[in-house]
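Below is one structure; the comments refer to it alone.
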Amino acid sequence: MKKLPAALTALVVTAALAGCSAGSGSPSGDGSAPAASGPAGAPAEVNDVDTHFVAMMTPHHEQAVEMSEIVLAVDGVSEPTRDLAQRILDGQTEEIGTMLGWADAWGMDDLMQMHSVHVANGMLTSDQMGSLERLADASTGDAAAAAEAETTFLELMHSHHEGAIAMTQGEIEGGGHAELRDLAQVMVDVQTAEMAEIDTLLGR
């Protein structure tokens, strides 16, 4: 697994220690046919939809945090964009901690490792991340470069959110763990609002 952004380093340790006390939630009780059950150490209501969602969304969130850290380090970024990036960083860091706690409690080490290297569901490729990083590095003392880095961040984050929302819908519809389904709905609500905010910032 690649090195986590700075904001997550301590959080991973905390989540691992707290994993054994992570809430199990309650069964969905919707009468639908259940998906395959989750790992042996997970509560009975946890299914494969839940575990794959956690394993895929965690690195997706980690990348959003990294993107936010990059743009927050750029001098000259507008205050509205800086505020948005800080909220994304703070909110998704907290959600990562919750998901890592469940992953640890449910014995998901192998699945987390497998998905840690995947680039899917709107995640940036290494070339796209490299482009954002290069723009940020070139922005020192250059207002035009800083503006380009800001615009690039907003455009890439919009696409990143679109991918996350598409992935999250599967958990809302098919997940077995009630608390995780609730978290997934919060992700959709927050990121939908952030996409509208990005559209406004981009003048769309």
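Residue-by-condition table, conditions (1) more than 19 Å from the chain's Cα centre (by Cα); (2) closer than 20 Å to residue 92 by Cβ; (3) touching a residue at least 24 places away in the same chain (Cβ under 8 Å):
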position: 112; (1), (2), (3): no, yes, yes
position: 115; (1), (2), (3): no, yes, yes
position: 131; (1), (2), (3): yes, no, no
position: 140; (1), (2), (3): yes, no, yes
position: 151; (1), (2), (3): yes, no, yes
position: 159; (1), (2), (3): no, yes, yes
position: 162; (1), (2), (3): no, yes, yes
position: 175; (1), (2), (3): no, yes, yes
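Restricting the first residue to region 183-194 and requiring it to be touching a residue at least 24 places away in the same chain (Cβ under 8 Å), which pairs with a second residue that is of a type in the set (Ser, Thr, Tyr) meet a Cβ separation below 6 Å and a spacing of at least six or different chains? Going by the 6 Å Cβ cut-off, the qualifying pairs are 184/168; 187/168. Among the numbered conditions (1) in contact with an Asp or Glu (Cβ under 6 Å, 6 or more places away or on another chain); (2) modelled with pLDDT under 95; (3) hydroxyl-bearing (Ser, Thr, Tyr), the only one that residue 37 does not meet is (1).
Is it the case that some residue within region 90-102 is free of Cβ contacts under 8 Å to residues at least 12 places away in the same chain, charged (D, E, K, R), in contact with a helix residue (DSSP H, G or I) (Cβ under 9 Å, 6 or more places away or on another chain) and under 21 Å from residue 158 (Cα atoms)? Scanning region 90-102 turns up at least one residue that is free of Cβ contacts under 8 Å to residues at least 12 places away in the same chain, charged (D, E, K, R), in contact with a helix residue (DSSP H, G or I) (Cβ under 9 Å, 6 or more places away or on another chain) and under 21 Å from residue 158 (Cα atoms).
Annotation note: of 155, 150, 179, the sole residue that is open to solvent by 40 Å² or more (accessible area, probe 1.4 Å) and over 23 Å from residue 50 (Cα atoms) is 155. Within region 189-198, the set of residues being open to solvent by less than 20 Å² (accessible area, probe 1.4 Å) and of a type outside the set (D, E, K, R) comprises 191, 198. The condition (being within 17 Å of residue 172 (Cβ to Cβ) and either surrounded by 23 or more Cβ atoms within 10 Å (Cβ to Cβ) or in contact with a strand residue (DSSP E or B) (Cβ under 6 Å, 6 or more places away or on another chain) (or both)) is satisfied by just one residue among 71, 54: 54.
Quick grid of which residues meet (1) not acidic (Asp, Glu); (2) not in a helix (DSSP H, G or I):
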site	(1), (2)
101	yes, no
135	yes, no
141	yes, yes
150	no, no
163	yes, no
169	yes, no
180	yes, no
198	yes, no
203	yes, yes
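Kindly indicate the residue of region 115-133 that is touching a helix residue (DSSP H, G or I) at 6+ places or on another chain (Cβ under 9 Å) and not in a loop (DSSP other than H, G, I, E, B) and also surrounded by the most Cβ atoms within 10 Å (Cβ to Cβ) among those meeting that condition. My answer is 132. When residue 172 is tested against (1) open to solvent by 50 Å² or more (accessible area, probe 1.4 Å); (2) at pLDDT 95 or above, just one condition goes unmet, and that condition is (1).
The values are calculated or read from the model by the stated rules, or taken from the named source; none is laboratory data. It should be emphasised that the depicted structure is a prediction, and the values quoted were computed from it without experimental measurement. As a convention, Cβ positions derive from the backbone with ideal geometry for all residues, glycine included, and neighbour counts pool all protein chains shown. Heads up: the accessible areas ignore ligands, DNA and RNA and are worked out on the full protein's heavy atoms, side chains in. Shrake-Rupley method; radii C 1.70, N 1.55, O 1.52, S 1.80 Å.
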